[in-house]
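Okay, so here's the structure we're looking at.
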Amino acid sequence: MARGHSELTRQIYGERFPQRKDYGKNDDNFEFGMTDYLRISGMYWGLTALELLNQTHSTSQEEIVAYVKNCQDPESGGISACFGHDPHLLHTLSAVQILAMYDKLDAIDTEGVVKYVTALQQPDGSFTGDKWGEVDTRFSFCAVATLSLLKRLDAIDVDNAVKFVESCMNFDGGFGSRPLSESHAGLIYCCLGFLSVTNRLDIVKRDVLAWWLCERQLPSGGLNGRPEKLPDVCYSWWVLSSLTLLGRLHWISGEKLKKFILACQDTESGGFSDRPGDVPDPYHSVFGLAALSLLGQPEIKTVNPTYCMPQHVIDRMQLTPQILRRSRCSHFQSACFFAVTVRDKNAHLGRPCTTICPKKVSDWGYLPGRPIPMGEDTPFG
């Protein structure tokens with residue numbers, strides 16, 4: 001695969017993405033059979049990537065909608081990864097996202113989907129992924145995202161669901177899969193996405209969590225999902241979307257991350273891999289593109305940080321998930337993170353801030369006029 005790092009940092013080979021859409025047409029193929037278990041999600045990844053690149057004209061909408069419809073289980077109402085498999089919340093969400101992008105939600109039994117999701121909520125507010133009973137905060141997000149796209153959040157006990165997600169919050173501000181589980185960037189995205197949909201981002205430890213997320217950036221510019229792990233393009237999305245929801249996207253080096261993501265691009269196929277030199281795939285491609293969208297890459301459509309769907313689709317559906325605003329205080333605090341000497345840089349500005357940074361390194365420094373509590377939203381203006 002031809003790769004030139006200096007060249008890759010300047011452009012995206014979006015016109016080469018559509019040639020990958022035919023990879024799954026041969027069902028008498030080992031690779032095709034081995035990916036049955038994630039077919040619907042794979043379609044969502046590929047279609048979202050193409051939509052962000054304005055390349056969906058190369059796909060057959062009728063064929064895709066018919067395939068999704070065929071994967072709905074008439075008994076439970078849930079949707080499976082492919083025909084004949086058990087339905088699952090992960091694939092139910094992917095299917096609803098695909099149909100929402102096409103404005104074809106009426107192609108499936110939406111009330112059946114609502115019934116399926118509602119039946120998976122447990123007494124403690126959590127959700128199982130399917131009838132086999134695994135509980136995970138990923139499924140909490142899948143449940144509320146699916147229902148919100150169908151305008152049926154009223155079908156579940158939202159307050160109880162929020163209590164469960166809150167119980168999964170850790171001392172470092174992050175979230176795990178269940179109570180007392182390790183914080184992980186992917187699960188943090190799921191929990192923040194859940195709270196964004198349910199309008200309850202007020203419960204998070206905003207700046208403590210944002211600091212933890214910032215520490216995921218490595219010298220290469222890439223991001224990992226938890227301490228002591230390698231960088232991976234997919235975490236560009238999990239971390240950046242979370243920081244965007246928190247109003248703290250400016251706390252990391254976007255330029256360094258952009259260079260890392262583009263270094264993972266295959267110039268022949270246009271796809272993205274997990275790390276430079278590896279084989280590209282739809283999963284890393286969509287999350288690499290979505291992250292670049294959050295970083296303002298001009299040739300990529302705007303992505304919604306809550307749903308990982310094109311923003312114009314969310315606007316058309318008149319959905320308004322909660323996103324916390326960047327504040328004047330957070331802008332100042334970000335300077336404190338990277339200042340060599342906080343006192344030297346800020347002593348001339350005014351009175352000392354009353355708060356301490358999350359890692360207890362030093363006072364935030366000095367703020368003009370009055371002390372500003374950590375995390376207070378002071379809008380620009």
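Simple spin-label estimate for Glu268 and Asn29 gives 1.5 nm between the two label positions (7 Å along the Cα-to-Cβ direction from each Cα). What is the sum of charges, Lys and Arg at +1 and Asp and Glu at -1, for the other residues whose Cβ falls under 12 Å from the Cβ of Gln61? Spelling it out: positives minus negatives among the neighbours equals -3.
Semi-axes of the equivalent ellipsoid of region 156-221 are 22, 12, 10 Å, computed as sqrt(5λ) over the eigenvalues of the C-alpha gyration tensor in descending order. Going from the residue with the fewest nearby Cβ atoms within 10 Å to the one with the most, Leu230, Leu93, Leu192, Leu150 rank Leu230, Leu150, Leu93, Leu192. Decide, for region 204-255, between rounded, prolate and oblate: order the square roots of the alpha carbon gyration tensor eigenvalues as a ≥ b ≥ c, take rounded if a/c falls under 1.5, and otherwise choose prolate if a/b is larger than b/c, else oblate. It comes out prolate by the Cα gyration axes.
Spin-label model, Glu182 to Lys69: label points 7 Å out along the Cα-to-beta-carbon direction sit 4.5 nm apart. Among the listed pairs Lys205/Lys229; Lys151/Lys258; Lys151/Lys301; Lys205/Lys256; Lys131/Lys163; Lys104/Lys131, those with a Cα-Cα distance over 30 Å are Lys151/Lys258.
Since every read-out is calculated from the coordinates, none of them should be taken as a lab result. Given the structure is predicted, the values throughout are model-derived calculations rather than measurements. FYI the Cβ positions are ideal-geometry reconstructions off the backbone, even for glycines, and counts take in every protein chain you see.
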